[in-house]
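The values are calculated or read from the model by the stated rules, or taken from the named source; none is laboratory data. From a predicted model like this one, the values you see are computed outputs, not experimental measurements. All Cβ positions, even for glycine, are placed from backbone atoms using ideal geometry, and neighbour counts span all protein chains on display. What goes into the accessible areas is simple: the full protein's heavy atoms, side chains included, and nothing from ligands, DNA or RNA. Shrake-Rupley method; radii C 1.70, N 1.55, O 1.52, S 1.80 Å.
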Amino acid sequence: MNNFVDKVKSILTNLALSLLSITIALIFGVFFILLTEQSPITAYSALYEGAFGDFRAILNTLWRSTPLILTGLAVALPFRAGLFNIGAEGQLLMGGFTAGVVGFYFTNLPAFIHLPFAILAGMIVGGIWGGLPGFLKAKMDVHEVISTIMLNNIAIALTINYGINYFRDTGRQATPRILQSAALLRFNDMADHFIFGKIPFIEIFEQPGIRLHINFIFAIITAIILWFLLFKTTLGYEMRAVGHNPDGAEYGGINASKGVILAMFISGAVAGLAGVGEALGTHLSFMAGMDAGHGFTGIAVALIGLTHPIGVIFGGLLFGALAQGGLEMQFAGVPSDIVMIIQALVIFFVASLQVLKVYLAKRKAKGGVE
Amino acid sequence: MFKKVLTLSVVFAFIFMVVFAAAPEATSAQETRVGIVLSTGGLGDLSFNDAAYRGLQRAESELGIHFDYIEPADPAEDETALRRFAERGYDLVIGVGFQMSDSLEIVAMDYPHVKFAHVDEAFPDILDNVVSLNFAEWEGSFLAGALAALVSETNNVGYVGGVDFALIHRFEGGFYQGAKYINPDIEVQIRYADDFGDPARGREIALGMYDDGADVIYHAAGGTGTGVFEAAEEEDLYAIGVDSNQNHVAPGHVIASMLKRVDNAVYETVESVVDGTYEGGQNLYFTLADAGVGITDLEELDVEEIQAYEDGIISEDELEKIREMKEELTAPHAAKLAEIEEMIIEGEIEVENWGEIGRPDEL
């Protein structure tokens, strides 16, 4: 029972700290907004309106969060196993590219085969792109930071530079449009769907400009699966043990290389799913620039989410809201550079106040001794 | 301590909500309002984003319109940004760049009463409320090719393309035809860098071409072209710039630039909305005849070059270098080029668009 109270307390402290740091960041942001001779009130109300102002804004915030939650998870899981995956960007590109190609290349598959095939192909290729550095790390002790960065560059060259040019048929710097049979279900098409259409009130999603698609649901499910994997299974225990102390884990009879390779493979597949969602749900093709640095933002998302799969969901939502609301700030006359500074301030303060938390925990530990 | 943090943050959050709850909504007068969504890369690209922005600035001062712009950080934002402009009742919504064509079409379908314009991509089935602004790059490149052939002493010129696809073949074809028009025996070296952002590659390709005897190289390769200019400086030979005036990038070595007047096209579209002559549903091509494409001044200094000096980008010596180069190298050919330009406009010279018909088989 006491254990439960402690847990709730610790979650609340985390939430309060995050809220506090976001507020401090926004207060600092005021100075930058004043530099542009805009009213901070207008700017921040636009940020709020853009991210949560109405039903559509909220759903689009969820939509922008989707790839960030997934890349956040792709960084968080290996982090628990003591690995720093900088390669989510490349894994996302490989996954998205594969899904995009499968999406237009196979022209006569029914939807119930085509779509799962495209998703799985994207996830597996992403997984291989993540598993490879895991394998190198486990078998040859190649540092994963170096190998994932290099694989990012190779992925960019393979997909954006070479892949698009190989497949494209117009001036558009993208692969051809995917077929309807490979498209992820969008929320505003749900009313016409043969299963989801039966849900009462589903037609509230049927309005123009709602861009949320089913990959958001997949992202949440992925987070829950990873939480279960990490904290409720032997495999997850082994991964975390390797993360704490690889030698100790090995001594205790845990196969460290298996944990390392698996963690990186799963992480790559999850990042691949982020790319799959962007290709099959958002852009309906694999397009140059669609990665938009999500793989790197994922690092910040994972750290803000304390590398806990459920925390990462919230981290992703925060970044999604900043992205979605940031666009609205531009409409209020705040230049995009200032919007970026404010987003960076939020990251900075959320991350640095985590230090305060560690300090608090230490003090509490001391207090316990007294 | 836990309590303190909690109280503190609740207080902060409360203050925050009270202060920012009431949002004054900006309302505007009856002036024509134009919204533009730039392509990722945004302002400062020295190419069509900047050019489109210049066109709107001119429209603001000369036509008294109001404009707002958005620089999306992620192509996924394009559709949302275009839609927000349309929802807010802007009179004209402009999207820049190939990546926006899909989003613009979707939004234009939802807002049939809002006028849209798209820069740099033709639509196969264009909607009634969209105009697409395209440029006859092949005509401008023809002039670049002719100038290169006139200036060349080795009878050997080069072309560096960014990526080998239809849009960039327009430049290649124009340049090739222009050079051959002046001298049917001239050798035209053609290479592609497969990248728009790799100056080192551009430099290597250009050095190779100079080595093989070329003395003027034209590029249509975006950032890769900077490498071509570097090579021209190293070898003390010549290059031709593209899209906007790049003559100041390597003063004295960039003998001219092929201009794509996105600013004029945008300005004219805004003007058509202001005076009510806007007509949607067309893929417009801006050509030599309406100053949509062209070449920088061959005799006198251009406004942009003087601007670059005033902005401190180049020194007075470098400005002087450009002036001297124009006097010695290109001014003698100005009359001939003006004549060719006139002939293209009159239809006496027909420049083929290789982007459409493809590269001839013998190449």
| request: Quick one: which residue in B:Ile322, B:Ile313, B:Ile349 is part of a helix (DSSP H, G or I), assigned by TED's automatic domain parsing to the domain that holds B:Ser244 and closer than 24 Å to B:Val216 by Cβ? | output: B:Ile322
| query | Across segment B:113-148, what is the total count of residues that are open to solvent by 10 Å² or more (accessible area, probe 1.4 Å) and more than 12 Å from every other protein chain (Cβ to nearest Cβ)? | reply | 10
| message | Within segment A:9-58, take every residue that is more than 11 Å from chain B (Cβ to nearest Cβ) and without any contact (Cβ under 8 Å) to a residue 24 or more places away in the chain and give me the one that is surrounded by the most Cβ atoms within 10 Å (Cβ to Cβ). | response | A:Ile58
| said: Can you name every one of the helices (runs of 4 or more DSSP H) wholly within segment A:1-90 that holds 2 or more residues which are under 20 Å from A:Leu303 (Cα atoms)? | reply: A:2-35, A:55-80
| message | Given the condition open to solvent by 50 Å² or more (accessible area, probe 1.4 Å), closer than 14 Å to A:Thr297 by Cα and part of a helix (DSSP H, G or I), answer yes or no: does some residue in segment A:349-356 qualify? | response | yes
| task | Select the helices (runs of 4 or more DSSP H) contained entirely in segment B:1-99, then report the ones holding at least 2 residues which are open to solvent by less than 10 Å² (accessible area, probe 1.4 Å), modelled with pLDDT of 90 or more and more than 30 Å from A:Ala16 (Cβ to Cβ). | result | B:48-63, B:77-87
| Count of residues meeting criterion [open to solvent by 20 Å² or more (accessible area, probe 1.4 Å), part of a loop (DSSP other than H, G, I, E, B) and of a type outside the set (Ser, Thr, Tyr)] in segment B:278-304 | 11
| task | Pairs only if they're at least six apart or on different chains, beta carbon under 9 angstrom, first in segment A:240-262 and more than 13 Å from A:Phe135 (Cβ to Cβ), second in a helix (DSSP H, G or I) and among the aromatic types (Phe, Trp, Tyr); list them, first residue then second. | result | A:Arg240/A:Phe231; A:Gly243/A:Phe79; A:Asn245/A:Tyr251; A:Ile254/A:Tyr237
| query | Restricting the first residue to segment B:309-324 and requiring it to be of a type in the set (Gly, Ala, Ser), which pairs with a second residue that is open to solvent by 60 Å² or more (accessible area, probe 1.4 Å) meet a Cβ separation below 8 Å and a spacing of at least six or different chains? | reply | B:Ser315/B:Tyr309
| request: Report, ordered by the first and then the second residue, all pairs with beta carbons closer than 8 Å, sequence separation of six or more or different chains, a first member in segment B:207-226 that is assigned by TED's automatic domain parsing to the domain that holds B:Gly161, and a second member that is in a helix (DSSP H, G or I) and basic (Lys, Arg). | output: B:Thr224/B:Arg201
| request: Would you point out which residue out of A:Phe319, A:Phe314 is open to solvent by 40 Å² or more (accessible area, probe 1.4 Å), away from chain B (no Cβ under 11 Å) and part of a helix (DSSP H, G or I)? | output: A:Phe314
| request: Being of a type in the set (A, V, I, L, M, F, W, C) and on the phi > 0 side of the Ramachandran plot is the filter here, so list the residues in segment B:280-305 that pass it. | output: B:Ala291
| task | Quick one: in segment A:265-296, of everything that is aromatic (Phe, Trp, Tyr) and within 14 Å of chain B (Cβ to nearest Cβ), which residue is nearest to A:Phe187 (Cα to Cα)? | result | A:Phe286
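Can you name the residue in segment A:192-211 that is in contact with a Leu (Cβ under 9 Å, 6 or more places away or on another chain) and part of a helix (DSSP H, G or I) and, of all such residues, is farthest from the other protein chains (Cβ to nearest Cβ)? Walk me through how you get there before you give the answer.
First pass over segment A:192-211, keeping only residues in contact with a Leu (Cβ under 9 Å, 6 or more places away or on another chain): A:193, A:196, A:205, A:210-211.
Filter once more, keeping what is part of a helix (DSSP H, G or I): A:196, A:205.
Working: A:Phe196: 22, A:Phe205: 16 Å.
Ranking the candidates gives A:Phe196 first.
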| Looking at A:Asp189, is it in contact with a helix residue (DSSP H, G or I) (Cβ under 9 Å, 6 or more places away or on another chain), in a helix (DSSP H, G or I) and within 30 Å of A:Ser285 (Cβ to Cβ)? | yes
